[in-house]
Amino acid sequence: MRTTITFEPDVAAAIERVRRERSLGMSEAVNELVRASLVAKGPRKRFVQKTDDMGPAKVDVTNVAEAIATLDGPSWR
């Protein structure tokens, strides 16, 4: 796959350092660094939202305006 990428100066320096140290081409150096980064991070931990059971609803929400008035008071408008 061929594409154009703009590297930040620190990334470009890392790529250039790998190229010189290992006598690699640009693509080979970038691929090595990307693969190393993917392995180093390992699998991502799945995000799970923590919640608490608040029990049964104490406000009837079938009528939204009435529910807002109950929760915020009569001056909600």
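A short reminder: the numbers here are calculations on the coordinates, not readings from a lab. Just so it is clear, the structure is predicted and the values come from calculations on it, not from any experiment.
Run lengths n ≥ 4 of DSSP H only: what is the helix-derived mean residue ellipticity at 222 nm for the chain, with -39500 (n - 2.57) per run over all residues, to the nearest 500?
The helix contribution divided over the chain gives -16000 deg cm²/dmol.
So between residue 24 and residue 65, what do we pick up on full extension, going 0.36 nm a residue minus the alpha carbon distance?
Stretched fully, the residue 24-residue 65 segment lengthens by 8.0 nm.
Karplus couplings for the stretch 64-73 from phi (6.51 cos²θ - 1.76 cosθ + 1.60, θ = phi - 60°), rounded to Hz, Gly and Pro as x?
Coupling constants for the stretch 64-73: 4, 4, 5, 5, 5, 4, 5, 7, 9, x Hz.
Over the Cα atoms of the chain, what Rg and Dmax result, in angstrom?
For the chain, the Cα radius of gyration and maximum Cα-Cα distance read 27.7, 75 Å.
Quote to one decimal, in nm, the extra length available between residue 6 and residue 44 on full extension: 0.36 nm per residue of separation minus the C-alpha distance between them.
Result for the pair: 11.1 nm of gain on full extension.
Roughly what angle does helix 9-22 make with the longest principal axis of the chain, taking Cα atoms, 0 to 90 degrees, to the nearest 10?
40
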